[in-house]
Amino acid sequence: MNAVEQLRKVVVTELLSLGTMKKVWPIWKPHFQKITNGKPPSAKELQVIGNELYKIFKTTSSGREQSDVSGGGAAWEALICWYLNLCLLGSNTVVIKSKKANIPPSISHAISVNYGNFASNTESDLLAITFPDDPTLSVAFTGKHSELMELLSSVIESRFIETELGIIQCKTNWNDNAQIPMLWDLIYASSGFSTNARVGSNGFSHTKLSKFTYSFVTVPTVKPEKFKPTSTSVMRVKNLSGGNYWGLPSQKGIASNIFDIIQNNFSTSHSSYPNGWHKDISNEISTMLKKQNYFML
């Protein structure tokens, strides 16, 4: 397992060890197995899963109490991270839950927003990092986690302009939260501020990355048919640099299926599959299941 895949394993393993995920996974897992007939998912079945994430999530969504909302938000974020990493298995793109220990410092510096002496980071629920092609990342890695992050951080620092980054904000309530990604995307798109504010620190800036996107992924918690192309919540995220997605089939003018984020924002990762993603992804998943089923399929 190379360094990139080792990081993916760490991220997914930590996700599935969360208290919230331990509660919902026994309920969600049979739904995934039903779609795949208990076999390793094919490329087509992975896309079907993307259409079904709303229904699967709803099997454990209990209500609107604050504890339910916060717990549901954590579960939705973890589900999206799990799903995207499964679809990206074997590629140079890893989707990381925002945790300092798993994020190269240069990435954190690049997206920090500084106002005077106060530094703040976006509500980046998930970070999708596409690592540059580098010989040191293609060989097997067996060291400690600290050594893993040291290696990955070193590669990104030395090849920063070849690195791609996607910020993915995951929220269960679209109506209440749509303005947040809209405003953050505007901040990152700005070429300058009239106030004493700046984006980036320690010599790193998101503008120097090979590609940078900001996306919104929602369940949503209210009935999907209530959303129209003219709805305020829809209009707020209509022009996000990374797009607007949900756990349902794409609906023109409203939201795209979550699977589409891979083609739209992480297309560089497709070069990792010599025979094309549709053919190679099933082999990648089968190999993972035989060696160590850390996705708990």
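Derivation of every value follows stated rules applied to the coordinates shown; laboratory data play no part. Since we're looking at a predicted model, the values are computed, not measured. Here the Cβ is made from the backbone with ideal geometry for all residues, glycine too, and neighbour counts use every protein chain on show.
Sorted ascending by nearby beta carbons within 10 Å, beginning with the fewest, Tyr115, Tyr83 become Tyr115, Tyr83. Judged by the mean number of other Cβ atoms found within 10 Å, the most tightly packed of the peptides 92-104, 30-42 leads the ranking 92-104, 30-42. When the Gaussian network model of the chain links Cα atoms closer than 10 Å, the mean-square fluctuations of Gln47, Gln169, Gln263 top out at Gln263. What is the calculated FRET efficiency for Lys238 to Ser17, with r their C-beta to C-beta distance and R₀ = 35 Å, to the nearest 0.05? It comes out at approximately 0.45. Between Ser286 and Thr230, the simple label model (points 7 Å from Cα in the Cβ direction) yields a spacing of 5.2 nm.
Each residue in Val139, Val24, Val4 was given a count of other beta-carbon atoms within 10 angstrom of its own, and listing them fewest first yields Val139, Val24, Val4.
The charge dipole of region 3-291, taken about the Cα centre with unit charges on the Cβ atoms of Lys, Arg (+1) and Asp, Glu (-1), comes to about 780 debye, rounded to the nearest 20.
As a rough footprinting exposure proxy, the listed residues Ser108, Ser158 were ranked by other beta carbons within 10 Å of their own, and the order from fewest upward is Ser158, Ser108.
Once the Cα-Cα distance is subtracted from the 0.36 nm per residue extended length, the Thr207 to Lys34 segment shows a gain of 58.0 nm.
Of the GluC sites (Glu not before Pro) found in region 1-100, the ones in coil according to DSSP and having at most 11 other Cβ atoms within 10 Å of their Cβ are Glu65.
Amide H to amide H distances under 5 Å link Ile96 with Leu127, Ala128, Ile129, where only residues 5 or more positions off or on other chains count and H is placed in the peptide plane.
Summing Lys, Arg as +1 and Asp, Glu as -1, what charge do residues with Cβ under 13 Å from the Cβ of Leu18 carry, Leu18 excluded?
Around Leu18, the charge tally is +2.
Compared with the rule-of-thumb size 2.2 N^0.38 Å for a compact globular protein, region 3-291 has a Cα radius of gyration ratio of 0.98.
A simple count of charges around Phe141, restricted to other residues whose Cβ falls under 14 Å of its Cβ and scoring Lys, Arg +1 and Asp, Glu -1, yields -1.
The slack in the chain from Glu45 to Thr136, taken as 0.36 nm per residue of separation less the alpha-carbon distance, amounts to 29.5 nm.
Pull out the extension gain between Glu52 and Lys100, defined as 0.36 nm times the separation in residues minus the alpha carbon to alpha carbon distance; nm, one decimal. Write down the numbers at each step before the final one.
Details: separation 48, 0.36 × 48 = 17.28 nm, distance 3.09 nm.
Full extension of this stretch gives 14.2 nm more.
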